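Reading through the C-alpha cells given below for one structure.
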Amino acid sequence: MIMIFGKPLLLLYGQLTLGLINGAFYALLSLGLAVIFGLLNIINFAHGALFMLGAYVAWALLEYLDIGYWPALVLAPLIVGVFGVVLEKTLIQRLYKLDHLYGLLLTFGCALIIEGLARNEFGSSGMPYAIPEALRGPLDLGFMMLPAYRAWVVVAAAGMCLLTWLVIEKTRLGSTLRAATENAKLVQAFGVNVPRLITLTYGAGAALAAFAGVLAAPIYSVNPGMGSNFIISVFAVVVIGGMGSILGSIITGFGLGILEGLTKVYYPEASATVIFVVMVIVLLARPAGLFGKA
Amino acid sequence: MLGFTRAQAIGFVVMVAVIIIAPGVLYPVFLMKVLCFALFACAFNLLIGYVGLLSFGHAAYFGMGCYVAAWTAKNWGLSVELSILLGGLTGAGLGMVFGWLAIRRSGIYFAMITLALAQMVYFFCIQAPFTGGEDGIQQVPRPPLFGAVSLQSDMAMYWLVAGVFLLGFLLIHRIVHSPFGQVLKAIRENETRATSLGYRTDDYKWVAFVLSTFLAGIAGGTKALVFGIATLTDVHWTMHGEVVLMSLVGGLGTVFGPVVGALVLTAMENYLAEFGSWVTVTQGVIFVLCVVAFRRGLIGELGAALKLNL
C-alpha cells in the first residue's frame, strides 16, 4: 500500500474527495452570502435555512409529485428563489434604512421559523433521498474509485460558481449589479430600477443556496438541521475570504473544504475546528480577509 | 444613588419588591431560571445596548461558566460562591482572548466572528472529556454557601440567586454610569469621533467585552448549580439566540428591558414546552415581529410612552 506521511494513499484520496465536496458547498453558500451582502448590506442568516429548504423541496417533489432529481435541480432553486423574492418584498425591504444588525436579527428569526416548521412537519430525523439512476456506481479514475455522484457534485458546484462569476463579471446585468454595489443612488439616477435589482439579487442568492441544497440531498440525509450546521462554518469561510471578491469566495470555499479533509486524515480531533483556527490566524495576520479590501 | 434617575430608582424598588414577593406566588425554580437568564441578558445588553457591539456567541461564555461551575462543585467540592466565581472567571478569560480577536472587525463581521468562535467552543465541549459529551455533567451537588449555609432547600438557593442577580445588575448599572461607561456610549454613537478625542476605542470595547463575558459566565455558573446540570445545550448557539431575543423583546439598551424580556420568554417557554418545535417557530415569529414593528421592545415602548428613560 502506498503511504503518504504515514497515511494510506487511498484514505487520503477518500478524505480529499469528501473535503472537496464540503468545499463545493462552502463555495456555493459563501458566494450567495457575498452577492447578497454586496447589494443589500445584510448578512443573510437564513441562508442555511434556504439551503435546507432546497433539499426539502427536492424531496417533496419526488415524494408527492413524482418529479425526479434532474427536474428538481432546476425547479427547487426556482421555487426557493420565488420564496426569497417574497421574503425580501415583505420583510427584508423594511430594514434598509436601519442599522444592518437588524437585518441579521430578522434573517435569524426567519431561519428559526423555517427550521422549526420543517421540524414540526417532518420530524428531526433525516429522510433519505436516492441518488439519481445515471449517477449510481463508482467512477474509475485510474488511481482511485470515486462514487460518480460525488464527482458530479464537485463538477456541478464548480460549474455553477463559474457561471455566477461569468454573469457578474462579464455580462451587462452583472456590470449593473456591480455598479449598484458601489453606488446605488448613482445607478438609480441612470434609470436602473435598483429596488427591483435588489429583490432579484436576494432571490438569486436564495436560489443558489437551494441549488446547493438539492446537490446535498442525496449525500446527507434531508433533515431540518442540515442548514444551520453548515452556515456557521460558512460564516467563518466568509470572514477568512473577505466578501470583496467573487473569485475569492470560491477559492476560499474549496480550499477550506480540502484543508478540512486533510485534517480528518492527519489529526481527526481538530477536523471540526480547523476552519475556525484558520479564521483566527487570518484575523491576526490580515484582518480584512485574504481577498478583502480593508 | 448609583446614577439611577428617579424613574429608574422607582423601577429598581419595584423589581426588588417583585423578587421578594414572587416566590410566594410562583415556583422558586422557575424564578431562579428567570433570574439567571435575566443576568445573562443584562450582560449581553451591556455590549449591544451601550457599546453597539452585537455579539452572536455569548452562549460560549455562559456555557463554559456552566461547565466549570458544575465541574468544580462536583469534583473539587468547592463551595457555591467559589464555583460560581470560577465560572465567571472562565467566561472572562475566554472573553479576553475572543474579544481581543473579534474587535479587529466591526459590525456584522464582529457578529460572525463571535459566532464562529463560539461554535469552536461548542465543538471543543463535544470532544473534551471533562464535559461528559452528550451526557453533560449531571447530579451536581449544591455545596453550602461559604461552606456553612446549607442551600439544599430551593428557597435558600433562591435568595442566593436573587443576590447574585442584584449584584450583577447593580454592577452593570455602575459600569454604564461611570466615566468609562460614558466613553462606551460615545463609541456607540460615533466611534471615529471618540478616537479623534483621544480614546483608544479598541481598549474600551475590549474591557466592556470582558466584563460582559464575566457576567455571562456568572449567570451560567449560577444556572448550573440551580439545576445541578451542565449540558451541550448551554453552549449551543440556539442558547445565544434566546438571550438576544430576551433583550430584543424587553428593549435593547434599556435598563430593565432584558429582565422583563427574560421573564416573558422563560414563561412562554414553560407554557409552550409541550408543543415541542413550536417553541422555535414562536421564537422566530417574535424575532421577526420585534425587528419589523417593535424595535424598542416592551420597556422601550413603555419608556417612550411615559417619556422616561427606563
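The values are calculated or read from the model by the stated rules, or taken from the named source; none is laboratory data. Source: prediction; values computed, not measured. So basically every Cβ, Gly included, is an ideal-geometry build from the backbone, and we count neighbours across all protein chains shown. The protein model used for the area step is the full one, side chains on, heavy atoms only, and it has no ligands, DNA or RNA in it. Shrake-Rupley method; radii C 1.70, N 1.55, O 1.52, S 1.80 Å.
Per the listing B:Leu101, B:Leu46, the residue uniquely without any contact (Cβ under 8 Å) to a residue 60 or more places away in the chain, open to solvent by less than 20 Å² (accessible area, probe 1.4 Å) and not acidic (Asp, Glu) is B:Leu101.
Note on segment B:111-144: residues that are surrounded by 23 or more Cβ atoms within 10 Å (Cβ to Cβ) and more than 18 Å from A:Ser233 (Cβ to Cβ) amount to 2. Considering every residue within segment A:42-53, establish whether at least one is among the polar types (S, T, N, Q), crowded, with 24+ Cβ neighbours inside 10 Å and in contact (Cβ under 8 Å) with a residue 60 or more places away in the chain. So far as segment A:42-53 goes, yes, one or more of its residues are among the polar types (S, T, N, Q), crowded, with 24+ Cβ neighbours inside 10 Å and in contact (Cβ under 8 Å) with a residue 60 or more places away in the chain. Within the span defined as segment A:223-243, one or more residues are open to solvent by 10 Å² or more (accessible area, probe 1.4 Å), over 26 Å from A:Tyr149 (Cα atoms), within 12 Å of another protein chain (Cβ to nearest Cβ) and not basic (Lys, Arg). Residues in segment A:140-162: is at least one open to solvent by 10 Å² or more (accessible area, probe 1.4 Å), part of a loop (DSSP other than H, G, I, E, B) and closer than 22 Å to A:Ala34 by Cβ? No; the residues of segment A:140-162 include none that is open to solvent by 10 Å² or more (accessible area, probe 1.4 Å), part of a loop (DSSP other than H, G, I, E, B) and closer than 22 Å to A:Ala34 by Cβ.
Residues checked against (1) part of a helix (DSSP H, G or I); (2) facing another protein chain (nearest Cβ under 10 Å); (3) out of contact with any Ser or Thr (no Cβ under 8 Å at 6 or more places or on another chain):
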residue	(1), (2), (3)
B:Trp100	yes, yes, yes
B:Arg105	no, yes, yes
B:Phe110	yes, yes, no
B:Ala118	yes, yes, yes
B:Phe124	yes, yes, no
B:Phe130	yes, no, yes
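For segment A:230-249, what are the residues that are out of contact with any Ser or Thr (no Cβ under 8 Å at 6 or more places or on another chain) and among the aliphatic types (A, V, I, L, M)? Even if it seems obvious, please write down each step before you answer.
If we filter segment A:230-249 for residues that are out of contact with any Ser or Thr (no Cβ under 8 Å at 6 or more places or on another chain), which is where we start, we get A:230-233, A:235-236, A:239, A:242, A:244-245, A:247-248.
The answer is A:Ile231, A:Ile232, A:Ala236, A:Val239, A:Leu247.
Name the one entry in A:Gly253, A:Gly257, A:Gly205 that is buried (at least 24 other Cβ atoms within 10 Å of the Cβ), over 30 Å from A:Leu95 (Cα atoms) and away from chain B (no Cβ under 14 Å). I'd like the intermediate steps shown before the answer.
Numbers: A:Gly253 fails: over 30 Å from A:Leu95 (Cα atoms); A:Gly205 fails: over 30 Å from A:Leu95 (Cα atoms).
On inspection, the qualifying residue turns out to be A:Gly257.
I'm trying to understand the selection: among the residues of segment B:144-158, which are within 22 Å of B:Tyr27 (Cα to Cα) and over 24 Å from the mean Cα position of the chain (by Cα)?
First, pick out the residues of segment B:144-158 that are within 22 Å of B:Tyr27 (Cα to Cα): B:144-145, B:149-158.
Answer for segment B:144-158, where residues must be within 22 Å of B:Tyr27 (Cα to Cα) and over 24 Å from the mean Cα position of the chain (by Cα): B:Pro144, B:Val149, B:Ser150, B:Gln152, B:Ser153.
Scanning segment A:274-294 for residues that are open to solvent by less than 30 Å² (accessible area, probe 1.4 Å) and in contact with a Ser or Thr (Cβ under 9 Å, 6 or more places away or on another chain) yields A:Val274, A:Ile275, A:Phe276, A:Gly289, A:Gly292.
Does A:Val214 fit the bill of being under 17 Å from the mean Cα position of the chain (by Cα) and under 25 Å from B:Trp237 (Cα atoms)? It is false that A:Val214 is under 17 Å from the mean Cα position of the chain (by Cα) and under 25 Å from B:Trp237 (Cα atoms). All told, B:Glu301 falls short of being within 14 Å of chain A (Cβ to nearest Cβ), of a type in the set (Asp, Glu), surrounded by fewer than 20 Cβ atoms within 10 Å (Cβ to Cβ) and not in a loop (DSSP other than H, G, I, E, B).
For (1) assigned to a helix (DSSP H, G or I); (2) within 14 Å of chain A (Cβ to nearest Cβ), each residue gets a yes or a no:
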{"residue": "B:Val255", "(1), (2)": "no, no"}
{"residue": "B:Val264", "(1), (2)": "yes, no"}
{"residue": "B:Asn270", "(1), (2)": "yes, no"}
{"residue": "B:Gln283", "(1), (2)": "yes, yes"}
{"residue": "B:Phe287", "(1), (2)": "yes, yes"}
{"residue": "B:Ala305", "(1), (2)": "yes, no"}
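Of the listed requirements (1) open to solvent by 10 Å² or more (accessible area, probe 1.4 Å); (2) touching a residue at least 12 places away in the same chain (Cβ under 8 Å); (3) of a type outside the set (Lys, Arg); (4) part of a helix (DSSP H, G or I), B:Gly52 misses just one: (4). As for segment A:83-99, it holds no residue that is more than 30 Å from B:Leu54 (Cβ to Cβ) and at pLDDT 90 or above.
Return the residues of segment A:114-130 that are aliphatic (A, V, I, L, M) and either free of Cβ contacts under 8 Å to residues at least 60 places away in the same chain or farther than 15 Å from A:Ser228 by Cα (or both); say none if nothing qualifies. So that I can check it myself, show each step before the final result.
Let us first name the residues in segment A:114-130 that are aliphatic (A, V, I, L, M), namely A:114, A:117-118, A:127, A:130.
Correct list: A:Leu117, A:Met127, A:Ala130.
Taken over segment B:219-249, the residue count meeting the criterion of being open to solvent by less than 20 Å² (accessible area, probe 1.4 Å) and either away from chain A (no Cβ under 14 Å) or among the hydroxyl-bearing types (Ser, Thr, Tyr) (or both) is 11. For segment B:58-76, filtered to residues that are open to solvent by less than 10 Å² (accessible area, probe 1.4 Å) and more than 16 Å from B:Leu39 (Cβ to Cβ), the residue that is nearest to the chain's Cα centre (by Cα) is B:Ala60.
On the basis of being surrounded by fewer than 17 Cβ atoms within 10 Å (Cβ to Cβ), away from every other protein chain (no Cβ under 12 Å) and on the phi > 0 side of the Ramachandran plot, does B:Gly276 make the cut?
No: the conditions fail for B:Gly276.
Residue check: A:Tyr64 meets all listed conditions (1) surrounded by fewer than 20 Cβ atoms within 10 Å (Cβ to Cβ); (2) touching a helix residue (DSSP H, G or I) at 6+ places or on another chain (Cβ under 9 Å); (3) over 22 Å from B:Cys290 (Cα atoms) but one, namely (2). Return yes or no: is A:Ile79 more than 13 Å from chain B (Cβ to nearest Cβ), of a type in the set (A, V, I, L, M, F, W, C) and not in a helix (DSSP H, G or I)? No, not satisfied.
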